[in-house]
1. Give the cross-link partners of Lys131 among the lysines, using a straight C-alpha distance below 22 Å as the criterion and excluding same-chain residues fewer than 8 apart.
2. Give the Rg/Rh ratio for the chain, taking Rg as the radius of gyration of the Cα atoms and Rh as the Kirkwood radius, to two decimals.
3. Per residue, what volume in Å³ does the convex hull of the Cα atoms of region 49-208 enclose?
4. Would you mind working out the accessible area per residue for the chain, using a 1.4 Å probe, and quoting it in Å²?
5. With a 1.4 Å probe and all protein chains left in place, how much of the accessible area of region 248-317 comes from carbon and sulfur atoms, in whole percent?
6. If the viscosity is 1.002 mPa s and the temperature 20 °C, what translational diffusion coefficient in µm²/s does Stokes-Einstein give for region 164-382 when Rh comes from Kirkwood over Cα pairs?
7. Compactness ratio of region 146-287: Cα Rg over 2.2 N^0.38 Å, N = residue count?
8. Among the lysines, which have Cα under 17 Å from the Cα of Lys188 when same-chain residues fewer than 8 positions away are ignored?
Amino acid sequence: MKQTILYMISLALTASLFSGCSDSEESFDNKIYIASTAKTSSILLKGNDTDQASFHVAMPKTETKNISFSITAESSLVKTYNEAYYDNAILLPGEYYKISDSEVVINAGSVTSTDITVSFNKLTELDRQLKYVLPVSINSSNVGILQSARTMYYVIKGAALINVVADIEENNVYVDWKDNSDFTAMRKFTAEALIYPRNFDRMLTTIMGIEGKFLIRVGDSGIPSNQLQVATSEGNYTNSDLLIPTNTWTHIAVTYDADAKEVTVFINGKNMLTTSVSANIGAVNWGVPHSDESDGKPRCFWIGYAYDNNRYLAGQISECRIWNKVLTATDLNALNHFYYVDPASEGLIAYWKFDDGGGNTVKDHSINGNDATASNDLKWTKVELPVE
């Protein structure tokens, strides 16, 4: 008798459980929500001026009518974000973004909307030291809104501009010019590179150029092995202020103006040497067709090599560029210039970022597309530059 009573109670509980599930399902409200597994999305400031992100809105089951709703930026939720994530972000100002559609529809018979795009612009104007947030929310729907999934937080923050660099110790890089027209008669130009030398334990270290014509190098007979020098066909130009440190990233820029008969050397954006040079240097030709320079072949343009293999750069290199104009101190000290420039910048005729991350080809990001090649496989190193 006792077993029968227990059996009847068990059946009653089971029936109640299934009946509860059925009631819950039947009474479930069809609410719309942002279809994303994460509530935040990061937009990283890496020197790019624009970026965009997208999402769509969904609901669990179809309706026989169109579901309309609005999408708006909700500034009041910045505080909510900061409290939830223990952060100190500020609202992204309105001029830096645009939401593609403010009024959106999920069509009858469907469970998802079209993509809603948030476009970000003028990002290079933002302060990389600050963190910005843009809360984008569903509002004003003709059905219910799932409150826990109505907002996407776009977090805009500074990121490393350089993530990979090349180590060219005991290596060298050359250009087999696809188009050398911008390089054969340069009367005004700027050459720059970001370098991390580990040592200067040889008499000469090469950065870039052509031996006996116009070469940017470090060291020489009679000067310290870590003193930068511009070696030309009509003499060498240097001074004791041009000392390059080891085991730190240093930005080097050399400008040449044949008409003004002047060479200027900048180290980390500071003018360390401006000197008059011989008028006989004239136009510089770095567009010499590539060769191994043996058997009387003309010397040609290299990065990390000049005259012989012992004049390599013992360290890492990044952001190697050539411009067809003389950059000023203001140009060189522009925000993040050492670490990134727009590949479409006026006057930029070669831009080897050395961030390829594999193999021995170094892409030219300028419009000329003169990719460079390392004689041996490059060693690629992960970094985060600039160092915050």
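1. Leaving aside lysines fewer than 8 places away in the same chain, those within reach of Lys131 are Lys39, Lys46, Lys79, Lys98, Lys122, Lys157.
2. Taking Rg over the Kirkwood Rh, I get 1.23.
3. Details: hull volume 38.2 nm³, N = 160.
Per-residue hull volume (Cα only) is 239 Å³.
4. 48 Å²
5. Heavy-atom surface of region 248-317 belonging to carbon and sulfur, 1.4 Å probe: 42 percent.
6. It diffuses with D of about 126 µm²/s by this estimate.
7. 1.38
8. Lys188 reaches Lys213, Lys261, Lys325.
The values are calculated or read from the model by the stated rules, or taken from the named source; none is laboratory data. Only a predicted model underlies this, so the values are computations on that prediction, with no experimental measurement involved. Surface accessibility is based on the protein's heavy atoms, side chains included, excluding ligands, DNA and RNA. Shrake-Rupley method; radii C 1.70, N 1.55, O 1.52, S 1.80 Å.
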